[in-house]
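The values are calculated or read from the model by the stated rules, or taken from the named source; none is laboratory data. Since this is a predicted model, take the numbers as computed values, not measurements. Virtual Cβ from ideal backbone geometry, glycine too; neighbours counted across all protein chains shown.
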């Protein structure tokens with residue numbers, strides 16, 4: 001598939017764009033899986049209902065708080081450094097979830113995961129904009145914002161907990 005612009009054909013699916021979309025798909029699939037799974041995991045630990053809601057709030061607040069910080073980091077340190085920082089933070093949080101046995105530990109990990117998520121989601125949109133070529137941008141952005149992961153992420157969370 002390609003888009004014609006100024007008499008030349010520009011490919012819609014470039015290598016970099018495919019890698020960004022795949023990275024974004026995995027990131028949001030994990031996000032939406034944990035969005036469902038973490039409160040149910042906390043319920044299994046005997047946490048009160050307000051702590052389950054607080055875990056989601058802490059994640060969202062952390063992602064919101066760190067987004068401008070990572071936006072500046074992307075501009076000052078570059079995309080590769082920012083991507084590695086976001087991946088490192090996210091991987092650390094994901095690796096430590098299995099060891100969290102208290103509400104406070106889960107809240108700290110949700111804050112850490114939110115920071116990593118903000119770096120990766122901010123960077124993903126920036127990188128899609130970097131891969132654009134005039135008219136191909138609209139098609140790329142529409143494909144990039146596909147909501148596939150929202151549908152299957154929540155189901156994956158339920159399936160993993162109740163299988």
Exercise. Could you look through the stretch 37-62, keep only residues that are touching a residue at least 24 places away in the same chain (Cβ under 8 Å) and not in a helix (DSSP H, G or I), and pick out the one that is nearest to residue 103 (Cα to Cα)?
Key: 47
Quiz item: What number of residues within the stretch 83-123 satisfy the criterion of being surrounded by 23 or more Cβ atoms within 10 Å (Cβ to Cβ) and more than 15 Å from residue 60 (Cα to Cα)?
Solution: 2
Practice problem: Taking the residues in the stretch 80-121 that are touching a helix residue (DSSP H, G or I) at 6+ places or on another chain (Cβ under 8 Å) and not in a helix (DSSP H, G or I) as candidates, determine which candidate is farthest from residue 49 (Cα to Cα). | Solution: 99
Practice problem: Exactly one condition in (1) free of Cβ contacts under 8 Å to residues at least 60 places away in the same chain; (2) in contact with a helix residue (DSSP H, G or I) (Cβ under 9 Å, 6 or more places away or on another chain); (3) under 17 Å from residue 125 (Cα atoms) is not met by residue 31; state its number. | Solution: (1)
Practice problem: Restrict the check to the stretch 124-140 and report whether at least one residue is at pLDDT 85 or above and not in a helix (DSSP H, G or I). | Solution: no
Quiz item: Going by the conditions given, is residue 57 surrounded by fewer than 20 Cβ atoms within 10 Å (Cβ to Cβ) and at pLDDT below 90?
Solution: no
